[in-house]
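Here the structure is laid out as structure tokens; the discussion comes afterwards.
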Amino acid sequence: MTKEPRFHGKTTKQTSYNMSKIRGKDTKIEVVLRKALWRKGYRYRKNYKAIPGCPDIALTKYKIAIFCDGEFFHGKDWDVLKPKLEKGKNPDYWIAKIQRNKDRDLEKDKELTYQGWTVIHFWGKDIVKKTDECIKVIEEAVFETKMSDSDLE
């Protein structure tokens, strides 16, 4: 029995299979949050391309952009994750990829904020385990938007 090489410029079949199953839209965490918002009576746009960053959920009425971020690809606890990646397979690729994701997130957040949007990011595990708390954060943002709109009148 011969073993496949772990990583010498090529991916293993298992790694390739695993990566092919990672989705960009309609992920479990997005669906959980969207269903909770729908039950509360909020209507939204999903993957709203009309604004920078194409947020996973956009409450256009309140100009709130919501991103559902996976812990790995968006670098949660980067100070802990980065040293682990340095010891793993293909560290240069993964560190550059995740750092670019983090930088892009910041760039899009700045653009959205400049355009008057409130930007909210949730980690995937928080959405799944603390959905009610995530909804409260969104409802507070909606309340603040309503209050600032009423100040303008």
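Each value in this text was obtained by applying a stated rule to the coordinates, not by laboratory testing. Small disclaimer: the values here were computed from a predicted structure and weren't measured. Neighbour counts run over all protein chains shown; Cβ positions are idealised from the backbone, glycine included.
Maximal additional length on extending the residue 90-residue 26 stretch stands at 20.2 nm, based on 0.36 nm per residue less the C-alpha distance.
The modelled label-to-label distance for the pair residue 137/residue 50, using points 7 Å beyond Cα in the direction of Cβ, is 2.5 nm. Summary of packing: across the peptides 85-91, 62-68, the per-residue average of other C-beta atoms within 10 Å ranks them, highest first, as 62-68, 85-91. The alpha-carbon of residue 28 sits under 19 angstrom from the alpha-carbons of these lysines, leaving out residues fewer than 8 places away in its chain: 40, 46, 76, 125, 129, 130.
For region 25-152, the Cα gyration tensor yields ellipsoid semi-axes of 29, 17, 12 Å (square root of five times each eigenvalue, largest first, whole Å).
Placing dummy labels 7 Å off each Cα toward the beta-carbon, the span from residue 97 to residue 82 is 1.8 nm.
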